[in-house]
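This report refers to the structure that appears directly beneath it.
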Amino acid sequence: MSATPRRLRTRCCIVGGGPAGMMLGLLLARGGVEVVVLEKHADFLRDFRGDTVHPSTLEILDQLGLLDAFQNIPHRREEQLFAHFMDRDLPMGDFRGLSPFPYMALAPQWDLLAMLADAARECPSFALRMHTEATALQRDDTGRVSGVLARDDEGEVVIDADLVVACDGRNSHLRADSRLAVEDFGAPMDVLWFRLPRLPADPDHTYTAPARGHALVMLNRNDYWQCAYLIRKGSGEAMRAQPLQAFRDLVAPLLPFDPARMDAVTTWDAVKLLEVRIDHLEHWHTPGLLLIGDAAHAMSPIGGVGINLAIQDAVATANLLGPALRGSAAFDDRLLARVPQRRRWPTQVIQRVQRIAQRAIIATLLNATPGGLLPAPRLLRWLSRFRWFRHIPARLFGYGLRRERVVFGAAPRPR
């Protein structure tokens, strides 16, 4: 006979300790809401790969009084993003002149999450339960979500909550359990992630290298290169079945330095496959449950905006729902619609831009016979001379649309 599951009670249960979950937990706790965040891993020390912190997120950290703490995290500032062509490098994104943050930061996501967790722990109404995986939604007799079933090191646990917020990513268990309809837009690509050592004589910027049949994105992480090699959708396993040298030979001509650097990739275990997709929920909520971040809208890696959109979702959620969650009055599920009403439009605009880029640029590249770097197009050479042109992608992806400002939970609440 199985043991009776332990039972906990909280006002709001957040599932997922990623950027959306940790930010929402911090904001609600600072606003005096009792909140529990569940994170299935034992720590944050994982290779997230998507470590871009855009100006919109820097603004939020500044409003929270956490900018100084963030500046103490090892990071790199990028003022311009380049495209590496066969005959020249062209600046394609220029943050300089944008306000108040004229740069994009590259910082380990685990450090960002740990910083948010440390700030949240200063609030007496906050609890972070690591190594605790939500396995299913709990529903009451009316079908309303009333909490989650979870598992930790000690066994089964039931967490009763007035509101559950799913922030558990694009492979969300709770999204599947919610049975909410998903619109999937597909993608022409997947991505192979790997690292290369960076030497002092290497180029000092982050860039994309478009080529016939493939492409390479290289993020400058100061002491190493974080590399994303774009491949045709669904071809990752077939590529990994080939000898590793075949992969090295494909990537090497795209490097801006000695191709022999690819010898640093010594095993397929060092190459991780990211299956790219773009989708969104038709409805982000059902009674007692709200989904935000990648759980509500999986983003393409184009523009590196996933983290930042998730954090914008979290800020909007706290602003719109925080006052109703503070205290003990019954939560009004009709309020949940306010979050997608605010956040759906900016998310869908970015997804539409990503889909256009995938069709017009990436699919064209990847469907060609693999070859070397492309020459810089004449029109692009001319347009890249103008700062207004370089500002367009920097502003769209860096600051986004309908920027959120912290209202609920802006200042820490003393113990």
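Contact order, relative form, for the chain: 25 percent (alpha carbon pairs under 8 Å, 6 or more residues apart, mean separation divided by residue count). Rounded to the nearest 20 debye, the dipole magnitude of the stretch 210-284 is 160 debye, with +1 charges on Lys and Arg beta carbons, -1 on Asp and Glu beta carbons, and the Cα centre as origin. Helix 306-325 axis versus longest C-alpha principal axis of the chain: approximately 20°, rounded to the nearest ten. If I take every Cα pair under 8 Å that is 6 or more residues apart in the stretch 256-412, average their sequence separation and divide by the length, what percent do I get for the relative contact order? Taking the mean separation of contacting Cα pairs over the length of the stretch 256-412, I get 24 percent. Couplings 3J(HN,Hα) for the stretch 346-357, derived from phi with the Karplus relation 6.51 cos²θ - 1.76 cosθ + 1.60 (θ = phi - 60°), are x, 5, 5, 5, 5, 4, 5, 4, 4, 5, 5, 4 Hz, where x marks Gly and Pro.
Specify which residue in the list LEU383, ALA368, GLN354 is farthest towards the positive end of the charge dipole of the stretch 351-391, using unit charges on the beta carbon of Lys, Arg (+1) and Asp, Glu (-1), about the Cα centre. Positive-most Cα among the choices belongs to LEU383. Loop-located GluC sites (Glu not before Pro) in the stretch 200-295 (DSSP state not H, G, I, E or B) with no more than 15 neighbouring Cβ atoms inside 10 Å: GLU275, GLU282. Quick one: work out the % antiparallel among DSSP beta bridges in the stretch 1-139, nearest 5. DSSP beta bridges in the stretch 1-139 are roughly 55 percent antiparallel. Charging the Cβ of each Asp and Glu at -1 and of each Lys and Arg at +1, and nothing else, the dipole of the chain about its Cα centre rounds to 1260 debye. Distance between the C-alpha centres of the stretch 266-295 and the stretch 81-101: 28 Å, rounded to the whole angstrom. Taking ASP51, ASP152, ASP140 as the candidate residues, the one with maximal mean-square fluctuation in a Gaussian network model of the chain, Cα springs under 10 Å, is ASP140. Working note: Karplus 6.51/-1.76/1.60 with θ = phi - 60° gives the stretch 333-343 the couplings 4, 5, 5, 4, 5, 5, 5, x, 4, 8, 9 Hz, where Gly and Pro are set to x. The label-point distance for ASP140 and ALA260, in a model that sets each label 7 Å from Cα toward Cβ, rounds to 7.0 nm.
Please name whichever of PRO100, MET86, ALA127 sits farthest to the positive end of the charge dipole of the stretch 1-152, dipole taken about the Cα centre and charges placed at Cβ: Lys and Arg +1, Asp and Glu -1. Of the listed residues, the answer is ALA127. Over the chain, DSSP H runs of length four or greater, each weighted -39,500 (n - 2.57), average out per residue to a 222 nm ellipticity of -8500 deg cm²/dmol. The magnitude of the dipole of the stretch 332-379, with charges of +1 and -1 set on the Cβ of Lys/Arg and Asp/Glu and taken from the Cα centre, is near 180 debye.
Considering only ALA3, CYS13, GLY25, and ranking their Cα positions along the charge dipole of the stretch 1-147 that arises from unit charges at the beta-carbon of Lys, Arg, Asp and Glu, the one farthest toward the positive end is ALA3. Within the stretch 67-99, what residues put their amide N at less than 18 Å from the label point 7 Å along the Cα-to-Cβ vector of ASN222? Correct set: 67-80.
When only Cα pairs below 8 angstrom with a gap of at least 6 residues are kept, the stretch 140-272 shows a relative contact order of 20 percent.
So what's the angle, to the nearest 10 degrees on a 0 to 90 scale, between helix 19-30 and the longest Cα principal axis of the chain? It is inclined by approximately 40 degrees. The phi torsions of the stretch 133-148, fed into the Karplus equation with coefficients 6.51, -1.76 and 1.60 and a -60° offset, translate into couplings of 9, 6, 9, 6, 7, 9, 10, 8, 5, 8, x, 6, 5, 10, x, 9 Hz, rounded to whole numbers, with Gly and Pro shown as x. Distance from the C-alpha centroid of the stretch 365-390 to that of the stretch 115-156: 47 Å, rounded to the whole angstrom. Counting only DSSP beta bridges whose two residues both lie in the chain, roughly 70 percent are antiparallel.
Since every read-out is calculated from the coordinates, none of them should be taken as a lab result. Keep in mind that this is a model prediction, so the values were computed, not measured. So basically every Cβ, Gly included, is an ideal-geometry build from the backbone, and we count neighbours across all protein chains shown.
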